[in-house]
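Here the structure comes first, spelled out in structure tokens, and everything after it is commentary.
A short reminder: the numbers here are calculations on the coordinates, not readings from a lab. Remember, predicted model here, so these are calculated numbers, not experimental data. Reconstructed Cβ throughout: ideal geometry from the backbone, glycine too, with neighbour counts over all protein chains shown.
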Amino acid sequence: MNDGFSSEIRVAEDDHRSGDGSYDATARIVDAGSTDDDGVVEAALRPRRLADFPGQPKVRDQLGLVLEAARRRGAPPDHVLLSGPPGLGKTTLAMIVAAELEQPIRVTSGPAIQHAGDLASVLSSLTEGEVLFFDEIHRMSRPAEEMLYLAMEDFRVDVIVGKGPGATAIPLELPPFTVVGATTRAGLLPAPLRDRFGFTGHLDFYEDADLETILARSAGLLEVESDPDALAEIARRSRGTPRVANRLLRRVRDWAQVHGTGRVGLDAAHRALALFDVDDIGLDRLDRAVLDALCRRFGGGPVGLSTLAVSVGEETDTVETVAEPYLVRQGYIVRSPRGRLATPAAWQHLDLSPPAGAQTPLPLSGETDAGRLG
């Protein structure tokens with residue numbers, strides 16, 4: 001494979017997954033042939049180098065400086081923490097860190113590390129300079145977190161042998177390595193763990209122009225003919241998220257191949273996105289269900305998150321992490337201490353008039369951005 005990622009790749013997790021739940025991502029990448037699974041294609045569309053990573057200019061420049069300085073010193077860089085909503089490129093950046101350092105990467109996740117022994121198994125198998133990527137690092141168990149503190153700072157772990165008064169701690173020296181942590185909930189990370197990351201980068205939603213660049217590159221890798229106005233339309237409805245943009249591109253491609261000429265044009269984009277319930281501003285079924293429940297059933301609020309989630313038949317975490325960030329960012333919902341409130345923009349989008357007495361969201365004292373309430 002070259003840096004342009006001209007061929008698709010397939011991730012063969014089962015072949016190289018360890019008993020502790022981690023796996024060597026470098027060894028996992030094999031040729032895909034004609035496989036066209038969504039997960040396979042998504043992996044194939046990831047940029048391999050920092051220079052090819054579109055958007056997030058501040059994080060990209062800062063991370064590039066950290067990696068270049070480490071290369072010149074000939075030592076592993078500081079540990080890296082990446083935070084932000086799902087689908088913005090945290091995993092991609094972790095893969096890029098390893099590629100820029102020309103080191104292997106071992107991938108695991110917070111939920112997979114439930115015991116200190118799980119983490120000790122992963123750490124003891126690392127080689128010098130290797131990158132250890134923790135996805136959803138905030139979900140790691142507390143005993144494993146405490147072991148990770150010592151490993152990140154002193155590159156050693158204490159393995160406890162035995163139980164009770166006869167237990168002894170055997171120190172295990174580790175080679176220098178770099179931890180890359182990704183989290184969608186940075187506030188849930190304990191301060192001692194967060195402070196051990198030398199570089200912290202927050203990824204924000206992308207501008208439409210950056211998404212168009214991503215879509216043009218993805219269309220080329222997928223060998224799909226496309227029109228710029230169609231890519232612009234897809235980008236506008238992608239909620240500022242590259243993962244959503246690439247998924248919508250594949251669905252428009254599917255529609256064009258089945259019902260059209262195979263070319264991703266503006267008409268194909270309009271028809272395909274309408275078929276998959278993506279409206280003119282990128283709201284999907286769940287987003288509209290949340291707005292509809294908030295306005296029609298609860299008179300615009302305030303209403304509690306759990307009540308709102310039950311009314312749309314979803315889990316609380318799904319509403320809070322999937323629907324709310326975009327709705328708040330677009331100014332359709334306000335998160336207040338008393339509950340969720342619909343803004344005038346939400347009523348207007350649903351072609352509804354607020355009932356008499358409906359509460360209008362107002363910023364808290366000293367707060368000018370209503371979307372940051374809560």
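Laid out as a table, the results:
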read-out	value
Cβ crowding within 10 Å averaged over residues, with 84-91, 57-64, 185-192 ranked highest first	84-91, 57-64, 185-192
Segment 208-275 pair-distance distribution - Cα-Cα, 10 Å bins, rounded %	25, 63, 12
Neighbour net charge for G304 - beta-carbon separation under 9 angstrom, K R +1, D E -1	+2
Whole-Å distance, taken between Cα centres, linking segment 236-287 and segment 77-97	27
Cβ-based net charge around P57, under 12 Å, with every Lys or Arg adding one and every Asp or Glu removing one	-2
Point-charge dipole on Cβ atoms (K/R +1, D/E -1) for segment 208-275, about Cα centre, debye to 20	360
Backbone HN-Hα couplings from phi across segment 106-115 [Karplus 6.51/-1.76/1.60, Hz, Gly and Pro as x]	10, 10, 8, 9, x, x, 6, 9, 9, 9
Summed residue charge, Cβ within 13 Å of A323's Cβ, Lys/Arg positive, Asp/Glu negative	-2
Under the Debye formula (equal points on every Cα, no solvent term), log10 I(q)/I(0) of segment 181-239 at q = 0.19, 0.23, 0.26 Å⁻¹	-0.72, -0.86, -1.01
Peptides 312-320, 101-109 ordered by average Cβ neighbours within 10 Å, highest first	101-109, 312-320
Shape of segment 179-316, Cα gyration tensor, a/c cut at 1.5	oblate
